[in-house]
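Reviewing the structure listed below.
The values are calculated or read from the model by the stated rules, or taken from the named source; none is laboratory data. Predicted model, so just to flag it, every value in this text is computed and none were measured. Positions of Cβ are backbone-derived with ideal geometry, glycine not excepted, and every protein chain shown enters the neighbour counts. The accessibility values were calculated without ligands, DNA or RNA, using every heavy atom of the protein model including side chains. Shrake-Rupley method; radii C 1.70, N 1.55, O 1.52, S 1.80 Å.
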Amino acid sequence: MSIDSALIVERTALPKTAQLVADMTETGVTVVFPADFELDQNVGGWVPVTVDGEASGFNYGVQSLAGIDPAELPDGAAEAGDTLLAFGAQGSLSAETVTLIHAVMGRRYRAWLLIEDELLSPEDDWGPGASLDDIHVDRRGTPAKLAADVDSYVAQHYPPFTPDPHARTKDLLKQVIVPVLIFAALGGFYIWSQLQ
């Protein structure tokens, strides 16, 4: 499962990673980022994190809104901030971790959520010092528990697809036979041309 989303925020409002970690700790979740990671760094790839002791992570990139064609952004993006933080979750735990980061950044740092071309503004009373009580994990579960619940639900309602072994063999033969036939035909044409 891969989920792409983004936050739009004022660059000057971005917290240091240590502050974001402290904010998330208020929700009951312990997240450990790489020692040299900061939110304003354009990693352009995978950021490994540990969430309540479990290895996870997400793809992360930072881009100035000035460098994006306004036609590619929804209405109101320019008023939301000057910086886009792009997240790419891979798997359930990664998705739950990104969701928690979004929630904390929205409440404390007035980050606007951009998902599938829809821009969602933070609540009016959110900002510095906003309460994180309503996202406390005692009420909703840790990211690992929520990820396990999602995986369990998917496994229960969508059993894994087992491909037909004969179909796999046919696919493999197609991948081998087609190139062999092409080379045989080319070889045949070459030999025929040499005999002429």
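Quick one: which residues, 5 or more positions from Val47 or on another chain, have an amide H under 5 Å from its amide H? H modelled 1.01 Å from N in the peptide plane, none for Pro or chain starts.
Phe58, Asn59, Tyr60
Step through the residues of region 5-10 one at a time and calculate ³J(HN,Hα) from phi using the Karplus curve (6.51 cos²θ - 1.76 cosθ + 1.60, θ = phi - 60°), rounding each to whole Hz and writing x for Gly and Pro.
7, 8, 10, 10, 8, 6
Provide the FRET efficiency to the nearest 0.05 for the Ile68-Gln19 pair, computing r from the beta carbons and using R0 = 41 Å.
The formula returns an efficiency of 0.95 here.
Hey, if we sort Phe87, Phe183 by accessible area with the 1.4 Å probe, largest down, what's the order?
Highest to lowest solvent-accessible surface, that is Phe183, Phe87.
How big is the gap, in Å, between the Cα center of region 88-102 and the Cα center of region 1-78?
Between the Cα centre of region 88-102 and that of region 1-78, the gap is 11 Å.
Ranked by accessible surface with a 1.4 Å probe, highest first, in what order do Leu195, Leu39 come?
Leu195, Leu39
Using a Förster distance of 45 angstrom, determine the FRET efficiency expected from the C-beta separation of Gln194 and Leu172, and round it to 0.05.
0.85
Residues of region 24-54 with the amide nitrogen closer than 14 Å to a label point 7 Å from the Cα of Arg11, along Cα-to-Cβ, please.
39-43
Sort region 1-64 into rounded, prolate or oblate with this rule: let a ≥ b ≥ c be the square roots of the eigenvalues of the Cα gyration tensor; rounded if a/c is under 1.5, and if a/c is not under 1.5, prolate when a/b is larger than b/c, oblate otherwise.
Oblate, since a/c reaches 1.5 and b/c is not below a/b.
If you bin the C-alpha pair distances of the chain every 5 Å from 0, what whole percents do you get?
Whole-percent P(r) values from 0 Å outward: 1, 7, 12, 15, 15, 11, 7, 5, 5, 5, 5, 4, 3, 2, 1, 1, 0, 0.
How big is the dipole moment of region 11-79 about its Cα centre under a simple scheme where the beta carbon of each Lys and Arg is +1, that of each Asp and Glu is -1, and everything else is neutral? Debye, nearest 20, please.
180 debye
Sorted by accessible area (1.4 Å probe), largest first, how do Arg107, Arg11, Arg168 line up?
Correct descending sequence by accessible area is Arg168, Arg11, Arg107.
Averaged per residue, what accessible surface does region 1-61 expose to a 1.4 Å probe, in Å²?
Per residue, region 1-61 has an accessible area of 49 Å².
Is any helix in the chain, taking whole DSSP H runs, at least 24 angstrom long along its axis by alpha carbon and on average at least 0.0 on the Kyte-Doolittle scale, and which ones?
Both cut-offs are met by 92-109, 165-195.
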